[in-house]
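**Student:** Please see the structure below; I have some questions.
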Amino acid sequence: MRNLDFQGLTSKEAARRLIEYGPNEPPKAPPPGVLAIALRTLKEPMFFLLASAALLYLFVGDLGEGLFMVAGAGASITLVVLQELRTERALEALNRLAEPTATCLRDGVERRIPARDLVPGDLILVGEGERAPADALLIGGDALVVDESLLTGESATVMKTLAGGERPADFPDPGGEGTPYIFAGTMIARGSGMAEVVRTGARTAMGRLGASLAAIESEPSPLQQRTSRLVATLGAFALIFCVLVFLAYWLVHGDWFEGAIAGITLAIGLLPEEFPMVLAIFLALGAYRLARRNVLVRRSSVTETLGSTSILCVDKTGTLTQNRMRVAFAVADDDDASDAPRADSTPRMLIRAALCASSTNPVDPMDRAVHAFAADAGVAADAAPIRSFPIRPDLLAFIQCWRDDTGESYAAKGAPETIFKLAQVADVERARLQIRIDDLAHRGLRVLAVATTAPLPQAPPPEAASFNFVGLLGFEDPLREDVPAAVAAARRAGVAVAMITGDYPATALAIARQAGLDSDAGVIAGAEIAATPGERLPEKIRDIRVFARVTPTSKLALVEAFKSDGHIVAMTGDGVNDGPALAAAHIGIAMGQRGSDVAREAAHIVLLDNSFPSIVVGVALGRRIFANLRRALTYVTAIHIPIAGVALTPILMGLPPLLLPAHVVLMELIIDPTCALVFESQPNEPDAMLKPPHRRDEPLFGARELWLGFLQGFVVYLAVMSVYVIDNGFGAPEAQARGLAFATLVASNLVLALSDALPRGASLFSRANLAFWLVAGAASAMVAASLYAPLASELLHFEPPSWPKLVLALTLAAIAGSWYGIWRRLLYPTPSAQRGDAALNVDLG
């Protein structure tokens, strides 16, 4: 237990020491700078091709065109660097949210502060399931059992004992039984206590290893890895085509320079180098958007899965309920029950027994409720506990041993069936009490029983002690007001919600009905889950959505069963033993405010506000990210079809080349910000949360999206080539036909982007489309300058077309770019039904 005489450092002294010793965090590599990002970008195949074209122009062709290519390549690199920096900033913001915290005493007050602000001399409170935030000396509380395997490699836990009066001069290396030394990063497996910080930051044993346990994992997702391989393969094919076109042009026309330019242009058109950039930006910014809604993504790959969630397995306490317990019912052994009891009307023996069976420094909501109830009655503990026995799966009760003038005695508080067994309550009495317990459970109260032992000179082990039943306590934990609407929104979206709790079955059913969960199939208890063979469990629980008296082992079995039944499972947890279930779920969700470090490390997501509606918001945002990313990748595919096509077709038809490398550079300056900014900022479709989740095996970018992109791109290709061929056929100068066709390509690209990106029912001029109009305005100014500014038109080999021709070409571009968007809106009109997020009174888009 914690010594209340400890005051800790003052805030002023802690601030001084923070300046002296620096932040308590491991050494971190600095984020990549502008130069590093630029150098990494230059290694991409696209910039190798651009550099080759620029060198050809500079040393063999026109100096002006060469300089233009250099400037264009520089602008393209600048755009990529800016997007990378934006992504890095988003990741840095996520890492700040993921920083660990610690409980310490400052100015005599218990505070939760960022672990990086700890300094030598701080008094910290550590407990089961937490990682030690710094190297420290155990000075108060129970003996701790600590897992030091992260530092020593030894899987066996070690016991930590309290330091003596004399403080050791040196802090030894990790390892050793019966020492008071706690090392940063080690896990408290059992017990709680107070420790004095000795070493922080790089001076800790963990700091010397340079490791960080809480960092956001930004490794490439499986989709990113597959896409990188695809782009590398397409890059190889593009280079092969480049060489073939170069050789063919040289052999047929005898002009190696024009052949090289034509080959490079075709290779650039074939290479969808935007794919990796789009994926990285969407996943990073998507995670940042989720964090703004209190959903912290620790593994970026889960962003791809979140929108596909088909079942949410959630805890009751603190997730569906407010986690604000109060004693709403009390009955002593043979007394009448009293609803909403006054502390002064409840027998003091029951109050004192419940208090003695609660932690002296309560963290658990029910322990806090007991302390508040005892304080109202003026009851205080007369002694200090000497031993405590935490709840175990086979013994659902918390037991403490106390010593006073009369001897040693036990107080126990826990599940009624466990306390009845400990106290050996007679069957007749048990039946009478069970009727009362069932009545309270059906009203949604959580019922605990209390028992004590008579004082003895030396108490035997708890299992051998003779307990006496004292009474029952009923705890009320009100449902969160926003939970029923969130549950309804999830069910409309085809996402089942299952409640998994350690409560009594009748209590679980009552809360489930209040929350709006599907309780028609009843409730199943943990013992029945454990007794069911694994191969039969998926069928047994298929329609069950309420699970009671569930142990951590049963939680894991439920996750595996739901997965076997074809579900994408999201699982919440906060305890030390929830780690396996969180790791096994497709999406493990740890509670950020009350969860253990074990749970947070095993989870894919940390819920910063412990709120169930935030999970539903996360699912909606996951669907938005999935849909926008799919549209962006389809658009990238579509726009590369006409670029490659119009680069190759004139060569095959014996016409003058339509596209030159400089033209492709200008197109890339439009495509990059369009796919990275315009698509990412779009809101959800109006019916996104009125449709079932994606199928488990549905790819983000599969054959359907590939063919759709090809079809859209082919229509644009036909429009651009038609303009070029027809204008050439009517005797227009080559440069004029090229300029007109290029204007058609740019306009159809912009219309295609807006058509693909814009959700049904969304306004063209909404705030989400600001990025598009900025890009469209810049692109229009660029086209106008390239056609009508003499210097630009000469460098790009353009001549201005007549206004009637330009209007006709732009009209054709609008039709070629918008046909699919118009068809989609006619085939799938905006739903008139209520949006799935309306009931939540929050914008999920």
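**Student:** Could you please give the count of residues in region 676-715 that are touching a residue at least 40 places away in the same chain (Cβ under 8 Å), open to solvent by 20 Å² or more (accessible area, probe 1.4 Å) and of a type in the set (Gly, Ala, Ser)?
**Tutor:** The total comes to 1.
**Student:** Could you check region 241-268 and list, in sequence order, the residues that are more than 48 Å from the chain's Cα centre (by Cα) and open to solvent by less than 40 Å² (accessible area, probe 1.4 Å)?
**Tutor:** Passing the criteria: Tyr249, Phe257, Gly259.
**Student:** Could you please find all residues in region 488-508 being open to solvent by 30 Å² or more (accessible area, probe 1.4 Å), in contact with a strand residue (DSSP E or B) (Cβ under 9 Å, 6 or more places away or on another chain) and either outside any loop (DSSP other than H, G, I, E, B) or hydrophobic (A, V, I, L, M, F, W, C) (or both)?
**Tutor:** Arg491, Pro505
**Student:** Quick check on Leu105: is it at pLDDT below 80 and either within 31 Å of the chain's Cα centre (by Cα) or in a strand (DSSP E or B) (or both)?
**Tutor:** Here the answer is no, as Leu105 does not meet what is asked.
**Student:** Now for a separate question. Answer with yes or no whether Val664 is of a type in the set (Val, Ile, Thr), within 30 Å of Ser52 (Cβ to Cβ) and modelled with pLDDT under 85. Spell out the reasoning first.
**Tutor:** Values: of a type in the set (Val, Ile, Thr): yes; within 30 Å of Ser52 (Cβ to Cβ): yes; modelled with pLDDT under 85: yes.
Yes; evaluated as a whole, the condition is true for this residue.
**Student:** If you check Ala496 against the conditions, is it among the small types (Gly, Ala, Ser) and either over 24 Å from the mean Cα position of the chain (by Cα) or closer than 16 Å to Phe612 by Cα (or both)? Please lay out each step first, then the result.
**Tutor:** Values: among the small types (Gly, Ala, Ser): yes; either over 24 Å from the mean Cα position of the chain (by Cα) or closer than 16 Å to Phe612 by Cα (or both): yes.
Yes: the conditions hold for Ala496.
**Student:** Return the total of residues in region 627-655 being of a type in the set (A, V, I, L, M, F, W, C), open to solvent by less than 20 Å² (accessible area, probe 1.4 Å) and closer than 30 Å to Asn294 by Cα.
**Tutor:** Step one: list which residues in region 627-655 are of a type in the set (A, V, I, L, M, F, W, C), which gives 627, 629, 632-633, 636, 638-639, 641, 643-644, 646-648, 651-653, 655.
From what is left, the residues that are open to solvent by less than 20 Å² (accessible area, probe 1.4 Å) are 629, 632-633, 636, 638-639, 643-644, 646-647.
In the following step, the residues that additionally are closer than 30 Å to Asn294 by Cα were identified as 629, 632-633.
Total satisfying the criteria: 3.
**Student:** Of all residues in region 415-457, how many are closer than 11 Å to Gly474 by Cα and in a loop (DSSP other than H, G, I, E, B)?
**Tutor:** Adding up the residues that qualify gives 3.
**Student:** For region 369-410, which residues satisfy the criterion of being surrounded by 16 or more Cβ atoms within 10 Å (Cβ to Cβ), among the small types (Gly, Ala, Ser) and within 42 Å of the chain's Cα centre (by Cα)?
**Tutor:** Ala369, Ala374, Ser388, Ala397
**Student:** Answer yes if at least one residue in region 678-689 is under 24 Å from Ala493 (Cα atoms), in contact with a Pro (Cβ under 7 Å, 6 or more places away or on another chain) and among the acidic types (Asp, Glu), and no otherwise.
**Tutor:** Within region 678-689 (the criterion being under 24 Å from Ala493 (Cα atoms), in contact with a Pro (Cβ under 7 Å, 6 or more places away or on another chain) and among the acidic types (Asp, Glu)), the answer is yes, since at least one residue qualifies.
**Student:** Looking at Arg594 and the list (1) open to solvent by less than 30 Å² (accessible area, probe 1.4 Å); (2) at pLDDT below 90, which single condition is not satisfied?
**Tutor:** (1)
Yes/no matrix, rows are residues, columns are (1) assigned to a loop (DSSP other than H, G, I, E, B); (2) open to solvent by 50 Å² or more (accessible area, probe 1.4 Å):
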site	(1), (2)
Ile511	no, no
Gln514	no, yes
Asp518	yes, yes
Ala530	no, yes
Arg542	yes, yes
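**Student:** Hey, any hits in region 797-804 for a residue that's under 23 Å from Glu668 (Cα atoms), part of a loop (DSSP other than H, G, I, E, B) and open to solvent by less than 40 Å² (accessible area, probe 1.4 Å)?
**Tutor:** Yes.
**Student:** Filter region 269-293 down to the residues that are open to solvent by 60 Å² or more (accessible area, probe 1.4 Å) and either over 22 Å from the mean Cα position of the chain (by Cα) or touching a residue at least 60 places away in the same chain (Cβ under 8 Å) (or both) and list them by number. Before the answer, list the steps.
**Tutor:** Pass one, region 269-293, residues open to solvent by 60 Å² or more (accessible area, probe 1.4 Å): 270, 288-289, 292-293.
Once the filter is applied, which keeps residues that are open to solvent by 60 Å² or more (accessible area, probe 1.4 Å) and either over 22 Å from the mean Cα position of the chain (by Cα) or touching a residue at least 60 places away in the same chain (Cβ under 8 Å) (or both), region 269-293 yields Leu270, Tyr288, Arg289, Arg293.
**Student:** Okay, next question. Given the conditions (1) of a type in the set (S, T, N, Q); (2) open to solvent by less than 40 Å² (accessible area, probe 1.4 Å); (3) more than 44 Å from the chain's Cα centre (by Cα), report the number of the one that Ser722 does not fulfil.
**Tutor:** (2)
**Student:** Scan region 112-138 and report the pairs whose first residue is free of Cβ contacts under 8 Å to residues at least 12 places away in the same chain and whose second residue is surrounded by fewer than 22 Cβ atoms within 10 Å (Cβ to Cβ) and in a strand (DSSP E or B), with Cβ atoms within less than 9 Å and a gap of 6+ or a chain change.
**Tutor:** Short answer, once both residue conditions are applied: Arg112/Thr101; Arg112/Thr103.
**Student:** Of everything in region 260-314 that's modelled with pLDDT under 80 and not in a helix (DSSP H, G or I), which residue is farthest from Gly618 (Cα to Cα)?
**Tutor:** Taking the candidates together, the pick is Leu271.
**Student:** If you don't mind, there's one more thing I want to ask. Considering (1) open to solvent by 20 Å² or more (accessible area, probe 1.4 Å); (2) more than 35 Å from the chain's Cα centre (by Cα); (3) not β-branched (Val, Ile, Thr), say which one Leu754 fails and leave the rest.
**Tutor:** Evaluating Leu754 over (1) open to solvent by 20 Å² or more (accessible area, probe 1.4 Å); (2) more than 35 Å from the chain's Cα centre (by Cα); (3) not β-branched (Val, Ile, Thr) leaves (2) as the failure.
**Student:** Within region 558-567, is even one residue closer than 27 Å to Leu296 by Cα, in contact with a helix residue (DSSP H, G or I) (Cβ under 7 Å, 6 or more places away or on another chain), surrounded by fewer than 23 Cβ atoms within 10 Å (Cβ to Cβ) and at pLDDT below 90?
**Tutor:** Looking for residues that are closer than 27 Å to Leu296 by Cα, in contact with a helix residue (DSSP H, G or I) (Cβ under 7 Å, 6 or more places away or on another chain), surrounded by fewer than 23 Cβ atoms within 10 Å (Cβ to Cβ) and at pLDDT below 90, one finds none in region 558-567, hence no.
**Student:** Mind listing just one residue for me: the one in region 458-470 that is part of a loop (DSSP other than H, G, I, E, B) and of a type in the set (A, V, I, L, M, F, W, C) and, of those, modelled with the lowest pLDDT? Walk me through how you get there before you give the answer.
**Tutor:** Here is the first cut: in region 458-470, the residues part of a loop (DSSP other than H, G, I, E, B) are 458-461, 465-466.
From the residues that got through so far, the ones that are of a type in the set (A, V, I, L, M, F, W, C) too are 459, 465.
Details: Ala459: 84, Ala465: 89.
Step by step, filter region 458-470, then rank; the result is Ala459.
**Student:** Restricting to region 189-226, name every residue that is closer than 21 Å to Arg600 by Cα, modelled with pLDDT of 60 or more and open to solvent by 30 Å² or more (accessible area, probe 1.4 Å).
**Tutor:** Once the filter is applied, which keeps residues that are closer than 21 Å to Arg600 by Cα, modelled with pLDDT of 60 or more and open to solvent by 30 Å² or more (accessible area, probe 1.4 Å), region 189-226 yields Ala189, Arg190, Ser192.
**Student:** Can you pull out every residue in region 339-366 that is at pLDDT below 70 and either over 21 Å from Phe420 (Cβ atoms) or open to solvent by 30 Å² or more (accessible area, probe 1.4 Å) (or both)?
**Tutor:** So the first thing to find is which residues in region 339-366 are at pLDDT below 70, and the list is 339-346, 363.
Those that are at pLDDT below 70 and either over 21 Å from Phe420 (Cβ atoms) or open to solvent by 30 Å² or more (accessible area, probe 1.4 Å) (or both): Asp339, Ala340, Pro341, Arg342, Ala343, Asp344, Ser345, Val363.
The values are calculated or read from the model by the stated rules, or taken from the named source; none is laboratory data. Treat the numbers as computed from the prediction; the structure is a model and nothing was measured. No Cβ is skipped: glycine too gets one built from the backbone with ideal geometry, and neighbour counts run over all protein chains shown. With ligands, DNA and RNA removed, areas are computed over all heavy atoms of the protein, side chains included. Shrake-Rupley method; radii C 1.70, N 1.55, O 1.52, S 1.80 Å.
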